[in-house]
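Below is one structure, written out as structure tokens; the observations come after it.
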Amino acid sequence: MNVKPDFSKNANQAATAPAFLSVYDMHAYYGESYIVQGVNFNVHEGEILALLGRNGAGKTSTLRSIARIGDPQVTHGEIWLDHQPLHLMQSHEAAQAGLGLVPEDRRIIPGLTVEENLQLAQIMPPIGWSLERLYELFPRLGERRKQEGTTLSGGEQQMLSIARALARDIKVLLLDEPYEGLAPVIVDEIEKTLSHIKEQGMTTVIVEQNAVRALELADRAVILEGGQIVYDGTATEVLADAELRAEYLAI
């Protein structure tokens, strides 16, 4: 039986509860480029963690490494989700273990309706997120259930991508730039939905260039610089520290 090691204390922060998702000494490369350099952090169950940093800091690479996507290549480290060793798994196995990655490009399947995109992802019978519950969470998708997914607006496609991840009854939602290219009113709507998902107990890691919006949503923040963690603490502390934001987030 797999047993998760005790990663409940980071170098930068003592955890107050056992970690649900733990990343320990993770190193990853794109070819010869050393992108993720010994990253350590924890995410507790039901928490929203904002993974922040300037362009090229290693945010998306860290997220893809957790999801076990083939590129970048993880060469060292451990990743544990609810006692399961993700670092020993392929990407499809990590997905089956409960990871749901919503990539920046959304990857809506052409030729399928909204409902068919959801049905293709859905575990049958649904354990937690039935189609009816997903349509309650995303009323716009319910209204457009028979419309081809690729013809939706950008905001609606983002909603569909998130709903499709939830349809697999995941344990952790990984979001890569969910607000990219969206109007502020749509960002507001997606934020409300993510807050509601959190109230249902969902654990979330969000990579977002709009750092202020991500911090306003998140419980905690990890800031990356050059593939290494330079800050691990509460989102409130980052919002209150103008010097920290200016140095590492340019805001």
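Values in this text are rule-based calculations from the coordinates and carry no lab data. Predicted model only: the values in this text are computed from it and were never measured. Using ideal geometry, Cβ is built from the backbone for each residue, glycine included, and neighbour counts are taken over all protein chains shown.
Taking θ as phi - 60° and the Karplus parameters 6.51, -1.76 and 1.60, the scalar couplings of the range 160-172 work out to 5, 5, 5, 4, 5, 5, 5, 4, 8, 6, 6, 9, 9 Hz in sequence order, x denoting glycine and proline. Fewest neighbouring Cβ atoms within 10 Å first, the residues K59, K171, K192 line up as K192, K171, K59. What's the tally of Lys pairs in the chain whose alpha-carbon atoms lie under 22 angstrom apart, where the two lysines are 8 or more places apart or on different chains? For the chain, qualifying lysine pairs total 7.
Listing M202, M159, M89 from fewest to most neighbouring C-beta atoms within 10 Å gives M89, M202, M159. Per residue and in Å³, how big is the convex hull formed by the alpha-carbon atoms of the range 132-251? It is 122 Å³ per residue.
Just to be sure I understand: of the beta bridges DSSP finds with both ends in the chain, what percent are antiparallel, rounded to 5? In the chain, DSSP labels about 60 percent of beta bridges as antiparallel. The Cα-based radius of gyration of the range 106-149, divided by its Kirkwood radius, gives an Rg/Rh of 0.95. For the range 52-66, backbone phi angles converted through the Karplus equation (6.51, -1.76, 1.60; θ = phi - 60°) give residue-by-residue couplings of 10, x, 5, 4, x, 6, x, 5, 5, 4, 5, 5, 5, 5, 4 Hz, Gly and Pro being listed as x. If you take the alpha carbon atoms of the chain and fit the smallest convex hull around them, that volume is 125 Å³ per residue.
Under 5 Å from the amide H of L101 lie the amide H atoms of L174, each residue being 5 or more positions distant or on a separate chain, with H modelled from the backbone and absent for Pro and chain starts. Under 5 Å between amide hydrogens, built in the peptide plane, is the criterion, and for A50 it picks out I206, D219, R220, A221, V222 among residues at least 5 positions away or on other chains. Take every Cα pair under 8 Å whose residues are at least 6 apart in sequence, average their separation, divide by the length of the range 74-158, and the relative contact order is 29 percent.
Relative to a virtual label point 7 Å from the Cα of R145 in the Cα→beta-carbon direction, which members of the range 93-121 show backbone nitrogen distances below 14 Å? Under 14 Å, as judged by backbone N against the label point of R145, lie 113-120 of the range 93-121.
Placing R0 at 22 angstrom, the Cβ-Cβ distance between V185 and D105 gives a FRET efficiency of 0.50 after rounding to 0.05.
For I109, no residue 5 or more places off, or on another chain, has a built amide H under 5 Å of its own. Which of rounded, prolate, oblate describes the range 67-128, given a ≥ b ≥ c as roots of the alpha-carbon gyration tensor eigenvalues and a/c under 1.5 marking rounded, otherwise prolate only if a/b is larger than b/c? Oblate is the answer for the range 67-128, as a/c is 1.5 or above yet b/c matches or exceeds a/b.
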